[in-house]
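*Asks:* Next up is a structure, given as structure tokens.
The values are calculated or read from the model by the stated rules, or taken from the named source; none is laboratory data. Keep in mind that what you see is a predicted model, and the values were worked out from it rather than measured. Because the Cβ atoms are built from the backbone with ideal geometry, glycine has one as well, and the counts that use them run over all protein chains shown.
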2 protein chains.
Amino acid sequence: MREREIIELFLKEVELQGDLPLGDDAGAIKLGNAWIVVTSDMLVWGTDVPPIMTPEQAGMKVVIMNLSDVAAMGAKPLGFFFSLGIPRDIGEDVLRGIAKGIGRAANLYRVPVLSGDTNEGRELVIDGGALGLTERPLLRSGARPGDLVCVTGDLGRALAGLLTWKKGLNISPSIRRSLYEKLLEPTARVEEGIELGKVANAAIDVSDGLSKELHILAEMSGVRIVVEEDRIPIGEGVQEVAELLGFDPIELALTSGEEFELVFTVSPERVYELSFDFSIIGRVDAGKGVYIERGGRKERMPLFGWEHFAEGLL
Amino acid sequence: MREREIIELFLKEVELQGDLPLGDDAGAIKLGNAWIVVTSDMLVWGTDVPPIMTPEQAGMKVVIMNLSDVAAMGAKPLGFFFSLGIPRDIGEDVLRGIAKGIGRAANLYRVPVLSGDTNEGRELVIDGGALGLTERPLLRSGARPGDLVCVTGDLGRALAGLLTWKKGLNISPSIRRSLYEKLLEPTARVEEGIELGKVANAAIDVSDGLSKELHILAEMSGVRIVVEEDRIPIGEGVQEVAELLGFDPIELALTSGEEFELVFTVSPERVYELSFDFSIIGRVDAGKGVYIERGGRKERMPLFGWEHFAEGLL
């Protein structure tokens, strides 16, 4: 079954949902004037952890991917928690590395570790979760015609880094460093998320690639999104990797997942209230679908999937 | 590595903890006058789901075991959430069963499903989690000399049921039904937990057997616990299974895990405030250790482990 079919199957069987419909970056429940958001996101060793990632980096990543979901809800993180599935023959050094990574990320983002659970399993699995607090949850469905479409940071380095490693590309050490930094030690946009909770109209984090996230925003908000190719912030070294492999660098940037940047929409009147760096990449119109303006022409943006680049790689 | 060593390793590396120290039934964070409790508990298909358990029962169980942890904190459950690790070749019927079970338990306990996450993995894993709310978290460390030691429901049927199935015991259908009910469709003591949050001094849920939970309560509270053999509520059919296998029924009841009953301590002055059924099984004294009075003699209660009965079974 495909992921979409599995999600549909669960949505059908689960009647009693929270104070927000299922399908956002996190779930939420209202307590007085505040919203508690909660998310869980699993790292499966065999599927999600490339061999160049250290156990400590994997431990950090499981914290970061959950804090990123809380940030995409415009919430301040309150705490992290986790469950481990551990094979019997696992090395102590692997577990210590994961523990160090979780501890390091918790310190870095000043987020307490609330709870941990250990279990025996055939495969190493770390399921992380995070709680957050906001007075105004930021939804995927909040984009309005007239909004600007914006993104934090840059895009493409996570996938370019993975391709560099998989294909053994010959690139300069400084570019490799830039790509691997994003692939192995990404940043959760925690402070940005808290600010966006007060100002933006919609947000989503880049887990599955900008193209997919824009399609989700457009569909869930019932709007059209138009982005300009020249405005997409392509990360350092992505161009070089795309050239070496004969790919379009824009497609690579639009496809790259696990970037943990925040895509958000905000009204032009309020965009000046934001204190952090970001790129304005397009606008929200009435209508539907996602479009890209390339060289003066507006065309539909394909729903780029990771498979496009991954063929024969995994 | 043993579970205890793994937990020690994580405790060493994780500096920043919540508003309660790690090591209780759930973690917690204080928001104004309220405490939000959060727990996660993983069901690994190969390890935790016996072949006689249906996918729907497994889905229910993952909700129940998490609500039980929330109840043991004296909290009202606010919501359930989950992450799935799903092998590619899994049957749609298995996933539909799990979804139905989660939906059914959520309806039964009136707890909304807040969030779900799907992932690819080599082994089927359901990691559940729950949020709860209380003004007074009930800790494992709160037992005081003079308290009564109490337990909800009865004990032993979960393990007796598992042994019945594993050994193919020849017992009457009505006893088998009673045992399998507890093994396959246990109850989370949600209402009892909410009441206990207002009245009791300490609580823990029976996940690993009464003997182990009493040892944890005694150690974390810095007290001695003395229980009377004759007062331990042994479930229907446990005696018969123990006789057939040549075991002591009390040992079987003390060892049986995943019972999801609540063990709690409460002052004798306040015990009358509780409106539900329970058994008073002993008392809290000054000192340390766990003791059992059998036939007029007081002896140390061994820390019964599941291994005692499981030898050659798994």
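*Asks:* Would you call B:GLY209 over 16 Å from the mean Cα position of the chain (by Cα) and in contact (Cβ under 8 Å) with a residue 40 or more places away in the chain? Can you show your working first?
*Replies:* Details: over 16 Å from the mean Cα position of the chain (by Cα): no; in contact (Cβ under 8 Å) with a residue 40 or more places away in the chain: yes.
No: the conditions fail for B:GLY209.
*Asks:* In addition: Can you tell me which residue is nearest to the other protein chains (Cβ to nearest Cβ) among those in the range A:1-35 that are within 28 Å of A:LEU114 (Cβ to Cβ) and touching a Lys or Arg at 6+ places or on another chain (Cβ under 8 Å)?
*Replies:* My answer is A:LEU16.
*Asks:* A:THR134: within 13 Å of chain B (Cβ to nearest Cβ) and more than 30 Å from B:GLU3 (Cα to Cα), yes or no?
*Replies:* Numbers: within 13 Å of chain B (Cβ to nearest Cβ): yes; more than 30 Å from B:GLU3 (Cα to Cα): yes.
Judged against the criteria, A:THR134 is a match.
One line per residue, one yes/no per condition, for (1) over 18 Å from the mean Cα position of the chain (by Cα); (2) of a type in the set (D, E, K, R):
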{"site": "B:ARG2", "(1), (2)": "yes, yes"}
{"site": "B:GLU8", "(1), (2)": "yes, yes"}
{"site": "B:LEU31", "(1), (2)": "yes, no"}
{"site": "B:VAL62", "(1), (2)": "no, no"}
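*Asks:* Restricting attention to the range B:236-243, does a residue exist that is out of contact with any His (no Cβ under 6 Å at 6 or more places or on another chain) and either part of a loop (DSSP other than H, G, I, E, B) or in the same structural domain as B:ALA28 (by TED's automatic domain parsing) (or both)?
*Replies:* Yes, the range B:236-243 has at least one match.
*Asks:* Is there any pair with a first residue in the range B:30-49 that is of a type in the set (D, E, K, R) and a second that is part of a helix (DSSP H, G or I) whose Cβ atoms are under 9 Å apart and which are 6 or more apart or on different chains, and what are they?
*Replies:* Partner pairs satisfying both residue conditions: B:ASP41/B:VAL62; B:ASP41/B:MET65; B:ASP41/B:ASN66; B:ASP41/B:SER68; B:ASP41/B:ASP69; B:ASP48/B:ALA58; B:ASP48/B:LYS61.
*Asks:* Continuing with this model, one more query. Within the range B:92-108, can you find the residues that are touching a helix residue (DSSP H, G or I) at 6+ places or on another chain (Cβ under 9 Å) and facing chain A (nearest Cβ under 7 Å)?
*Replies:* The initial filter retains those residues of the range B:92-108 that are touching a helix residue (DSSP H, G or I) at 6+ places or on another chain (Cβ under 9 Å), namely B:92-106, B:108.
Scanning the range B:92-108 gives B:GLU92, B:LEU95, B:ARG96, B:ALA99, B:LYS100, B:ILE102, B:GLY103, B:ALA106.
*Asks:* Further question on the same structure: Do we have B:ASP24 as in a loop (DSSP other than H, G, I, E, B) and buried (at least 24 other Cβ atoms within 10 Å of the Cβ) here?
*Replies:* yes
*Asks:* Moving on. Which condition from (1) of a type outside the set (Gly, Ala, Ser); (2) out of contact with any strand residue (DSSP E or B) (no Cβ under 7 Å at 6 or more places or on another chain); (3) facing chain A (nearest Cβ under 7 Å); (4) crowded, with 23+ Cβ neighbours inside 10 Å is the one that B:LEU159 breaks?
*Replies:* Of (1) of a type outside the set (Gly, Ala, Ser); (2) out of contact with any strand residue (DSSP E or B) (no Cβ under 7 Å at 6 or more places or on another chain); (3) facing chain A (nearest Cβ under 7 Å); (4) crowded, with 23+ Cβ neighbours inside 10 Å, only one is false for B:LEU159: (3).
*Asks:* Moving to a separate point now. Anything in the range A:36-55 that is polar (S, T, N, Q) and within 9 Å of chain B (Cβ to nearest Cβ)? List them, or say none.
*Replies:* Pass one, the range A:36-55, residues polar (S, T, N, Q): A:39-40, A:47, A:54.
Across the range A:36-55, the qualifying residues are A:THR39, A:SER40, A:THR47.
*Asks:* Only residues in the range A:250-262 that are not assigned by TED's automatic domain parsing to the domain that holds A:ASP48 count as the first member; pair them with residues that are surrounded by fewer than 24 Cβ atoms within 10 Å (Cβ to Cβ) and acidic (Asp, Glu), Cβ under 7 angstrom, at least 6 apart or cross-chain, and list the lot.
*Replies:* A:ILE250/A:GLU229; A:GLY257/A:ASP208
*Asks:* Something else about it: Going by the structure shown, is B:SER178 under 25 Å from B:PRO21 (Cα atoms), among the hydroxyl-bearing types (Ser, Thr, Tyr) and outside the structural domain of B:ASP25 (by TED's automatic domain parsing)?
*Replies:* On the way: under 25 Å from B:PRO21 (Cα atoms): no; among the hydroxyl-bearing types (Ser, Thr, Tyr): yes; outside the structural domain of B:ASP25 (by TED's automatic domain parsing): yes.
No, not satisfied.
*Asks:* I'm told A:ILE98 meets every condition in (1) of a type in the set (Val, Ile, Thr); (2) more than 20 Å from the chain's Cα centre (by Cα); (3) surrounded by fewer than 24 Cβ atoms within 10 Å (Cβ to Cβ) except one. Can you identify the failing condition by its number?
*Replies:* Going through the list (1) of a type in the set (Val, Ile, Thr); (2) more than 20 Å from the chain's Cα centre (by Cα); (3) surrounded by fewer than 24 Cβ atoms within 10 Å (Cβ to Cβ), A:ILE98 breaks only (3).
*Asks:* Continuing with this model, one more query. Could you tell me which of the residues B:LEU139, B:LEU155 is among the aliphatic types (A, V, I, L, M) and in the same structural domain as B:GLY289 (by TED's automatic domain parsing)? Let's see the steps before the verdict.
*Replies:* Values: B:LEU139 fails: in the same structural domain as B:GLY289 (by TED's automatic domain parsing).
Going through B:LEU139, B:LEU155 in turn, the sole match is B:LEU155.
*Asks:* Counting only residues that are more than 19 Å from A:ARG122 (Cα to Cα) and in a loop (DSSP other than H, G, I, E, B), which one in the range B:61-90 is nearest to the other protein chains (Cβ to nearest Cβ)? So that I can check it myself, show each step before the final result.
*Replies:* The initial filter retains those residues of the range B:61-90 that are more than 19 Å from A:ARG122 (Cα to Cα), namely B:61, B:63-82.
Next, only the ones that are in a loop (DSSP other than H, G, I, E, B) stay: B:73-75.
Numbers: B:MET73: 11, B:GLY74: 16, B:ALA75: 13 Å.
Selected residue: B:MET73.
*Asks:* Considering (1) out of contact with any Gly (no Cβ under 6 Å at 6 or more places or on another chain); (2) small (Gly, Ala, Ser); (3) at positive phi, say which one A:SER174 fails and leave the rest.
*Replies:* Of (1) out of contact with any Gly (no Cβ under 6 Å at 6 or more places or on another chain); (2) small (Gly, Ala, Ser); (3) at positive phi, only one is false for A:SER174: (3).
*Asks:* Let me ask something additional. Go through (1) of a type in the set (A, V, I, L, M); (2) surrounded by fewer than 24 Cβ atoms within 10 Å (Cβ to Cβ); (3) facing another protein chain (nearest Cβ under 9 Å) and name the single condition B:LEU124 misses.
*Replies:* (3)
*Asks:* Turning to a different aspect of this structure: Does A:LYS76 satisfy being within 18 Å of the chain's Cα centre (by Cα) and surrounded by fewer than 24 Cβ atoms within 10 Å (Cβ to Cβ)? I'd like the intermediate steps shown before the answer.
*Replies:* Working: within 18 Å of the chain's Cα centre (by Cα): yes; surrounded by fewer than 24 Cβ atoms within 10 Å (Cβ to Cβ): yes.
For A:LYS76, the condition - within 18 Å of the chain's Cα centre (by Cα) and surrounded by fewer than 24 Cβ atoms within 10 Å (Cβ to Cβ) - is met.
*Asks:* Let me ask another. If B:ALA58 satisfies every condition in (1) at the interface with chain A (Cβ under 10 Å from one of its Cβ atoms); (2) outside any strand (DSSP E or B); (3) in contact (Cβ under 8 Å) with a residue 40 or more places away in the chain but one, which is the exception?
*Replies:* Answer for B:ALA58: the failing condition is (1).
*Asks:* Specify which of the listed residues (A:MET42, A:MET65) is crowded, with 22+ Cβ neighbours inside 10 Å and either of a type in the set (D, E, K, R) or in contact with a Ser or Thr (Cβ under 6 Å, 6 or more places away or on another chain) (or both). Break it down stepwise before answering.
*Replies:* Details: A:MET65 fails: either of a type in the set (D, E, K, R) or in contact with a Ser or Thr (Cβ under 6 Å, 6 or more places away or on another chain) (or both).
Just a single option satisfies the conditions, and that option is A:MET42.
*Asks:* Same structure again: Return the residues of the range A:76-124 that are aromatic (Phe, Trp, Tyr) and without any contact (Cβ under 8 Å) to a residue 60 or more places away in the chain; say none if nothing qualifies.
*Replies:* Here is the first cut: in the range A:76-124, the residues aromatic (Phe, Trp, Tyr) are A:80-82, A:109.
Within the range A:76-124, A:PHE80, A:PHE81, A:PHE82 meet the criteria.
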